[in-house]
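Heads up, the thing below is written out as structure tokens.
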Amino acid sequence: MSGSLAIIGGTGLAELPGLTISKAHDIQTPFGSPSAPVLEGELYGLRVLFIARHGHPHRIPPHLVNYRANLWALQKLYATDVLAVNAVGGISKNMKPGTLVVPKQIIDYTFGREITIFDGEFAPVSHIDFSYPYSEKLRELIEKSAQNANEKVINGGVYGVTQGPRLETAAEIFRMEKDGCDIVGMTGMPEASLARELKLNYASLSLVVNAAAGKGTGAITIKEIDDHLNVGIARVRNIIDELVKEFYLKQ
Ligand code: HPA
């Protein structure tokens, strides 16, 4: 694999410790400003780009993230591959809090977001193929990196993307489960389809931080989410370290 790796950090990953930052790019795009400056630096000798999806400090809710600007800025800085880190709720039995998942499919329940760069004005109308929303190559690389890092990940599953910022009702989760969703989060779309529009290889590493509504023992608490984030993000970091090394080997 050649080209530059970019990481979109989600909740709990607003910075990438260990990244020796050489530049913070304040990029303006045809779609406005990205969530934060794009950091360019080196990790294990490899050029890596990093952007905090919710800004740094964390201040932009999922429905207000400028996904178009974020992806555009990464592409402008020559990213070819994008690892998106997402915090999610677990729906299926095997998606217990603390689980790491490399989802394979998406169902999009979001609305009212800016979902395309092909708006007819900026770029001619175009309909991308999105049958398989994630890059299989990058998914495999993440799985291999997880093995190298001795971190267990579930390879596969359907990520249902909701609008937020509120969490779901138990009935909504029940419906999503019947639809085939395994995990639920608020940031998987339109990020994934915009990446495809921009011809970026994109995959997600999702961390289950709570049982989805109606799947746990009571209300979902921020404390529960934070506890799982603290432990889980360290594991995500281990996988990213290995991913960078794997990616480097593939250059
Ligand atoms: N629902 C939606 N988004 C989430 C959840 C959830 O339960 N947990 C973390 N992000």
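Sorted largest first, the principal axis extents computed over the alpha-carbon atoms of the stretch 26-82 equal 34, 24, 18 Å.
Computed from phi, the 3J(HN,Hα) profile of the stretch 84-95 under the Karplus parametrisation 6.51, -1.76, 1.60 (θ = phi - 60°) reads 9, 9, 10, 8, 9, x, x, 9, 5, 4, 7, 9 Hz, with x in place of Gly and Pro.
Of the cross-linked pairs 93/144; 144/245; 93/215, those separated by over 19 Å at the C-alpha level are 93/144. Among the protein heavy atoms, those of residue 153 account for about 30 Å² of accessible surface (1.4 Å probe, every chain in place).
All C-alpha pair distances within the stretch 68-179, sorted into 5 Å bins from zero, spread as 2, 8, 15, 20, 20, 15, 12, 5, 2, 0 percent across the bins. Using the Cα coordinates of the stretch 115-163, the gyration tensor eigenvalues translate into equivalent-ellipsoid semi-axes of 32, 13, 9 Å, sorted from longest to shortest. Per atom type, the chain shows carbon and sulfur on 54% of its accessible surface, probed at 1.4 Å. If both residues of a DSSP beta bridge must be in the chain, then about 35% of such bridges are antiparallel. Summary of packing: across the peptides 46-56, 17-27, 94-104, the per-residue average of other C-beta atoms within 10 Å ranks them, highest first, as 46-56, 94-104, 17-27. Tell me the accessible surface of residue 92 in square angstrom (1.4 angstrom probe, heavy atoms of protein chains only), to the nearest ten. Spelled out: residue 92, probe radius 1.4 Å, area about 20 Å².
Between the alpha-carbon centres of the stretch 171-243 and the stretch 143-162 there is a gap of 11 Å. Along the Cα-to-C-beta direction of residue 122, a point sits 7 Å from the Cα; which residues of the stretch 128-164 have their amide N less than 20 Å from that point? The answer is 128-130.
For the chain, the average shadow cast by the Cα convex hull is 12.4 nm², which is a quarter of the hull's surface. In the context of the full set of protein chains, the stretch 5-249 has a per residue accessible area of 45 Å² (1.4 Å probe).
The values are calculated or read from the model by the stated rules, or taken from the named source; none is laboratory data. Since we're looking at a predicted model, the values are computed, not measured. Counting neighbours? That spans all protein chains shown, and the Cβs are built from the backbone with ideal geometry, glycine included. With ligands, DNA and RNA removed, areas are computed over all heavy atoms of the protein, side chains included. Shrake-Rupley method; radii C 1.70, N 1.55, O 1.52, S 1.80 Å.
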